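One structure is given below, encoded as structure tokens.
The values are calculated or read from the model by the stated rules, or taken from the named source; none is laboratory data. The model shown is predicted, which means the values in this text are computed figures rather than measured ones. Reconstructed Cβ throughout: ideal geometry from the backbone, glycine too, with neighbour counts over all protein chains shown. Surface areas here come from the heavy atoms of the whole protein model, side chains and all, with no ligands, DNA or RNA. Shrake-Rupley method; radii C 1.70, N 1.55, O 1.52, S 1.80 Å.
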Amino acid sequence: MIIFKDFDFDSAHFLPNVSDDHKCKQIHGHTYRMKVFFSDALDNHYGWVMDFAEIKKVVNPIINSIDHKLLNDIEGLENPTCEAISIWLWDKIKAEIPILCRIELYETLTSGVVYEGE
């Protein structure tokens with residue numbers, strides 16, 4: 001069984017490795033939307049994979065650490081592409097909830113990344 005939970009956060013970033021004439025070289029912001037997926041067998045007693053409240057308890061502090069921040073200033077996100085942000089989030093969440101199986105991170109309504117670990 002796979003369950004999911006959506007989160008959103010607002011952060012600014014710039015991409016230091018692109019050419020000077022690339023629009024993402026300048027500081028700009030996004031409202032990111034993240035969907036996290038967890039896969040496991042149903043707990044026979046509770047009848048669920050995991051309590052959504054427990055997911056929020058773990059993920060909200062991680063999101064709060066980057067919400068309304070300049071991502072380039074966050075350790076490990078010096079080149080904060082959508083791909084790099086998804087890996088950073090994966091590492092933090094997976095350390096606390098090992099049944100994490102997928103992250104979808106949307107940088108805009110129409111662009112994003114899917115990460116399922118390495």
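Residues are listed down the side, and each one gets a yes or a no for (1) assigned to a strand (DSSP E or B); (2) under 14 Å from the mean Cα position of the chain (by Cα); (3) of a type outside the set (S, T, N, Q):
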{"position": "D20", "(1), (2), (3)": "no, no, yes"}
{"position": "M50", "(1), (2), (3)": "no, no, yes"}
{"position": "A95", "(1), (2), (3)": "no, yes, yes"}
{"position": "V114", "(1), (2), (3)": "yes, yes, yes"}
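Of the listed requirements (1) touching a helix residue (DSSP H, G or I) at 6+ places or on another chain (Cβ under 9 Å); (2) outside any helix (DSSP H, G or I); (3) closer than 18 Å to F9 by Cα, F37 misses just one: (1). Here N72 clears all of (1) in contact with a Pro (Cβ under 9 Å, 6 or more places away or on another chain); (2) open to solvent by 60 Å² or more (accessible area, probe 1.4 Å) except the condition numbered (2). If you go through the range 40-53 and pick out every residue that is of a type outside the set (V, I, T) and either without any contact (Cβ under 8 Å) to a residue 12 or more places away in the chain or open to solvent by less than 50 Å² (accessible area, probe 1.4 Å) (or both), you end up with 8.
In this structure, is L89 of a type outside the set (V, I, T), touching a residue at least 24 places away in the same chain (Cβ under 8 Å), open to solvent by less than 70 Å² (accessible area, probe 1.4 Å) and over 14 Å from F7 (Cβ atoms)? No: the conditions fail for L89.
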